[in-house]
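Trainee: Mind looking over this structure? Questions follow.
The values are calculated or read from the model by the stated rules, or taken from the named source; none is laboratory data. Since the model is a prediction, treat every value here as computed from it, not as a measurement. Here the Cβ positions follow ideal geometry from the backbone for every residue, glycine too, while neighbour counts run over all protein chains shown.
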Amino acid sequence: MHRAHCRSVRVLVFTLAAASLTACSDKRDASEARAAPAPAHEDAPAADGKDALETEVADPSERKVIRTARMELRAEDPAAVAALATQLTSQAGGFVAASNATGVGDAIERVDMKLRVPSERFAGVLDELRDDGEVLVEALQGQDVTDEYIDLDARLRSQKALEERLLGILANTTAVKDLLDVEAKLVGVRTEIERIEGRLRAMNDRVAFATIDLAVLAPVRQNKREAESTLSRFDRALDDAGDASLFVLTGMIRFLGVILPLAILGLPIGLGAQAAIRRRRRKGL
């Protein structure tokens, strides 16, 4: 029993070492395939997109390029331009990933949209968007991810080959400790496979559908709003001046309302006192 256990452990170690060497060999082969020039054989069969990416990418049309664009337009009716952009995107086989409109009431001043269109229709959609308004900003960008895609594909194939070998070992292993070790390694390999597959799916999606960040502005409505703001400030200044004048007038009326009765009451007293003073002066003389 002890000999069988040792033999099983040696088989496991040898198989894992062979799998690691195979994975390194696959990565080295993928790197050499990218660096090697394309063979010039007339009878060689034409490879499709996936096969070409697994070995080498000689045709520029087969490269993995992520295309993005940012465009700002000026239009009198941003909502109408946004509707046209939505229709154009749908006709091109794409979709609107996000849309946001800002404004006061029904007056839309700005619309921001994220459009996803097939990469082969990317240039055509941009041409038609330019005709929908005055172009204020336009920025294009292309990110070539072919090398990264090939590396991920090679790593995925290596991990799947390792998974198959581990499954074979698991089927022929009876020792509990060996079973637990192999299952633990299988979990790690399966996790790495799912992670790579997720990255490849995301990359394929971004390559297949280009992204256009579109913003449509309404300068005419903005100018009108500024004029309305100026008139509002002028009206507010007039109101403040009127309030100040009314405050001063009210204060004067209140002042007179207090002083006038006192003056009326004090006038006879003052006149009597003045007459008495005059009489005393005459007697003194």
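Trainee: Name every residue in the range 176-199 that is of a type in the set (A, V, I, L, M) and surrounded by 16 or more Cβ atoms within 10 Å (Cβ to Cβ), in order of residue number.
Mentor: Of everything in the range 176-199, those that are of a type in the set (A, V, I, L, M) and surrounded by 16 or more Cβ atoms within 10 Å (Cβ to Cβ) turn out to be 182, 186, 189, 193, 196.
Trainee: Report, ordered by the first and then the second residue, all pairs with beta carbons closer than 7 Å, sequence separation of six or more or different chains, a first member in the range 147-167 that is over 22 Å from residue 64 (Cα atoms) and small (Gly, Ala, Ser), and a second member that is assigned to a helix (DSSP H, G or I) and modelled with pLDDT of 95 or more.
Mentor: Close Cβ pairs satisfying both conditions: none exist.
Trainee: What are the residues in the range 173-209 that are at pLDDT below 90 and either closer than 27 Å to residue 68 by Cβ or in a loop (DSSP other than H, G, I, E, B) (or both), if any?
Mentor: Hits for the range 173-209 are 173, 174, 175.
Trainee: Oh, and also: Kindly indicate whether residue 135 is assigned by TED's automatic domain parsing to the domain that holds residue 77, under 30 Å from residue 75 (Cα atoms), of a type in the set (A, V, I, L, M, F, W, C) and touching a helix residue (DSSP H, G or I) at 6+ places or on another chain (Cβ under 6 Å).
Mentor: The answer is no for residue 135.
Trainee: Taking residue 154, is it of a type in the set (A, V, I, L, M, F, W, C), touching a helix residue (DSSP H, G or I) at 6+ places or on another chain (Cβ under 7 Å), surrounded by fewer than 18 Cβ atoms within 10 Å (Cβ to Cβ) and assigned to a helix (DSSP H, G or I)?
Mentor: No: the conditions fail for residue 154.
Trainee: Touching an Asp or Glu at 6+ places or on another chain (Cβ under 9 Å) and closer than 13 Å to residue 212 by Cα, is that true of residue 137?
Mentor: Values: touching an Asp or Glu at 6+ places or on another chain (Cβ under 9 Å): yes; closer than 13 Å to residue 212 by Cα: yes.
Yes: the conditions hold for residue 137.
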